[in-house]
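**Q** Please see the structure below; I have some questions.
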Amino acid sequence: MPLGRIPQASYYDAQNRPGTALYRARQPYLVKNAITGVVIVGFVAAVCTSTTYE
């Protein structure tokens, strides 16, 4: 490997765009991560709202 060259990851193409394998690998976690994100945002909003109105 030449000095200064970064090895190309297998999930990305030459233009550094995600490939189909990356989409397939992320697909099982999409719904779970979306639900977790909504819960975290809701918790933060509830904490901010409760501290503002106390």
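Taken together, the values in this text are just the output of simple stated rules run on the coordinates, not laboratory data. Owing to the predicted nature of the structure, the values given are computational and were not obtained by experimental measurement. Quick reminder, even Gly has a Cβ in these numbers, built from the backbone with ideal geometry, and neighbours come from all protein chains shown.
**Q** Between residue 26 and residue 49, with labels modelled 7 Å along Cα→Cβ, what's the label distance in nm to one decimal, could you check?
**A** Label at residue 26, label at residue 49, 3.0 nm between them.
**Q** How much length, in nm to one decimal, is gained on full extension between residue 33 and residue 11, taken as 0.36 nm per residue of separation minus their Cα-Cα distance?
**A** Numbers: separation 22, 0.36 × 22 = 7.92 nm, distance 1.99 nm.
Extra length from residue 33 to residue 11 when fully extended: 5.9 nm.
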